Amino acid sequence: MNILVVCPHYTPDVAATGEVMTAIAEGLIDLGHELHIVTSLPWYQDHQVHPDWRGKWARVEITPWGRITRLHPFPTNKRNLWARALGFGGFTGLATLASVRGRQRPDVVLVMSPPLILGITGWIAARRWRVPLVFNIQDVFPDVAIEVGAVTHPAVIAVAKWLERFLYLRSQAVTVLSEDLRENLAAKIGSRRPERVEVIPNFVDTDAVRPQSRDNSYRREFGLGDRTVVMYAGNLGFSQSVDLLLDAARDLADDPSVVFVVNGGGSQREPLMARSKDLDNLVWVEMQPKERVGEVLAAADVHTVLLKTGLARSSVPSKLYSILASGRPAIASIDEGTEVARTLLDADAGISVPPEDSAAFIAAVRSVVADVDGRRRMGENGRSWVERWLSPRAVAESYSELFERLVARH
């Protein structure tokens, strides 16, 4: 089968969604499919095109399994939302042109969101080639942007909600990561075939991420020593309540045996750093290369998943599954009864507390830090749980089966 894939990031770009799509694509390739991947030039880590990829607006790589078309992403300041929207619009325009050109007709189109606007590219390409469209939703927009207050203008919200429903109804299938997200989208579609929304969860590569010794080069490089490390690793944006980690660090400032680490980058990194200048027990680390993920995860004794109120039904922090695969417990500040909270409860692999509740989060940190045997048990439980979960190969097979079903129906 010939598959057109449109996504905002792809290896060697380091965005989490790029790693997800790369793994899905590699699984589809292993199953014998031919792919044309339309994506951006690598730019995510520094929000500018990587020096090795500059000089051209578009690059085409011919591979044994198809080709990759990489396009300029129009990167902008992370905190300027309007500029970012224009940048996404520019990339969407280029992606649309790349997706409708050529003589080789795809059998199906797979497009990833966010950004939501990229769904327009998928819809136009599917109409151009007269093939089914599969819309993969990693985070539900505009819900996330509305919840964090990034989008407040009523007209903008109305247009975004209209576009969201327009694209769902013109997709032959919409794939989401959890039942929470499926219920969200099915309610928006209403009676117009809500069964088109299917759950295909993300995955964790339990071969690539494994339990390792906590005494590693990451600890030595950043001066963590043998202290108990409580870590947040991931994006520092509007959706994450990383202030909670700062609150916990401030509360435990007199305990020299505990150190807090924030590993990552994003629009809120500088404001958060400015608010934590007085904290000697908080270490800031830039986003690390993909090759160090296992080492970063192993360096922590406790990981945290921090999502603001109301977002857990629009977004699933996939970092949780890598944390569990590394054999470490997690403390999640997240809406009750949602995917992450259920997983930690089912697996007995950590603790969840209400979102943005500083007192509850600090109490959970103190409890887990003090319970060495409990940490070990929860880490082992989490590893056992993900070993029974879907592999990248199984997820690719789910997509392959979906494509074959849609093509046959089409």
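The values are calculated or read from the model by the stated rules, or taken from the named source; none is laboratory data. Computed from a predicted model, the values in this text were never measured in an experiment. Cβ coordinates were reconstructed from backbone atoms using ideal geometry, including for glycine residues, and neighbour counts include every protein chain displayed.
With respect to W129, determine if the residue is surrounded by fewer than 20 Cβ atoms within 10 Å (Cβ to Cβ) and among the aromatic types (F, W, Y). So W129 fails the test.
Selection of first residues in the range 269-292 that are touching a residue at least 40 places away in the same chain (Cβ under 8 Å) and of second residues that are of a type outside the set (A, V, I, L, M) and outside any loop (DSSP other than H, G, I, E, B), restricted to Cβ pairs under 6 Å at least 6 apart or on distinct chains, gives the following pairs, ordered by first then second residue: V285/N263. Go through the range 232-254 and give me each residue that's outside any strand (DSSP E or B) and under 18 Å from the mean Cα position of the chain (by Cα). Residues satisfying the conditions are G234, N235, L236, G237, F238, S239, Q240, S241, V242. Among residues that are acidic (D, E) and in contact with a strand residue (DSSP E or B) (Cβ under 7 Å, 6 or more places away or on another chain), E198 is included.
Which one of the conditions (1) touching a helix residue (DSSP H, G or I) at 6+ places or on another chain (Cβ under 7 Å); (2) at pLDDT below 95; (3) of a type in the set (D, E, K, R); (4) within 30 Å of R376 (Cβ to Cβ) does R192 fail to meet, given that it meets all the rest? Failing condition for R192: (4). Criterion applied to V386, V407, V395 was being among the hydrophobic types (A, V, I, L, M, F, W, C), under 30 Å from M1 (Cβ atoms) and surrounded by fewer than 17 Cβ atoms within 10 Å (Cβ to Cβ), and the one residue passing it is V407. The residues of the range 7-42 that are touching a Gly at 6+ places or on another chain (Cβ under 7 Å), more than 18 Å from N202 (Cβ to Cβ) and buried (at least 20 other Cβ atoms within 10 Å of the Cβ), listed by number, are L35, H36. Among the residues of the range 21-59, those that are among the β-branched types (V, I, T) and out of contact with any helix residue (DSSP H, G or I) (no Cβ under 9 Å at 6 or more places or on another chain) comprise T22, V49. In the range 73-91, the condition of being crowded, with 19+ Cβ neighbours inside 10 Å and farther than 27 Å from V148 by Cβ is met by no residue.
Of everything listed in (1) touching a residue at least 40 places away in the same chain (Cβ under 8 Å); (2) surrounded by 15 or more Cβ atoms within 10 Å (Cβ to Cβ), the single unmet condition for A58 is (2).
Taken over the range 283-317, the criterion of being surrounded by 22 or more Cβ atoms within 10 Å (Cβ to Cβ) and polar (S, T, N, Q) is satisfied by T304, S314, S315.
For the range 159-184, filtered to residues that are within 15 Å of E339 (Cβ to Cβ) and in contact with a helix residue (DSSP H, G or I) (Cβ under 6 Å, 6 or more places away or on another chain), the residue that is modelled with the highest pLDDT is V176.
Could you tell me whether the range 180-200 includes any residue that is crowded, with 16+ Cβ neighbours inside 10 Å and in a strand (DSSP E or B)? Yes - at least one qualifying residue is present in the range 180-200.
Can we say T338 is under 21 Å from the mean Cα position of the chain (by Cα) and surrounded by fewer than 16 Cβ atoms within 10 Å (Cβ to Cβ)? Against the criterion (under 21 Å from the mean Cα position of the chain (by Cα) and surrounded by fewer than 16 Cβ atoms within 10 Å (Cβ to Cβ)), T338 does not qualify.
Test M273 against the criterion of being of a type in the set (A, V, I, L, M), farther than 21 Å from V353 by Cβ and over 20 Å from the mean Cα position of the chain (by Cα), and give yes or no. Here the answer is yes, as M273 does meet what is asked.
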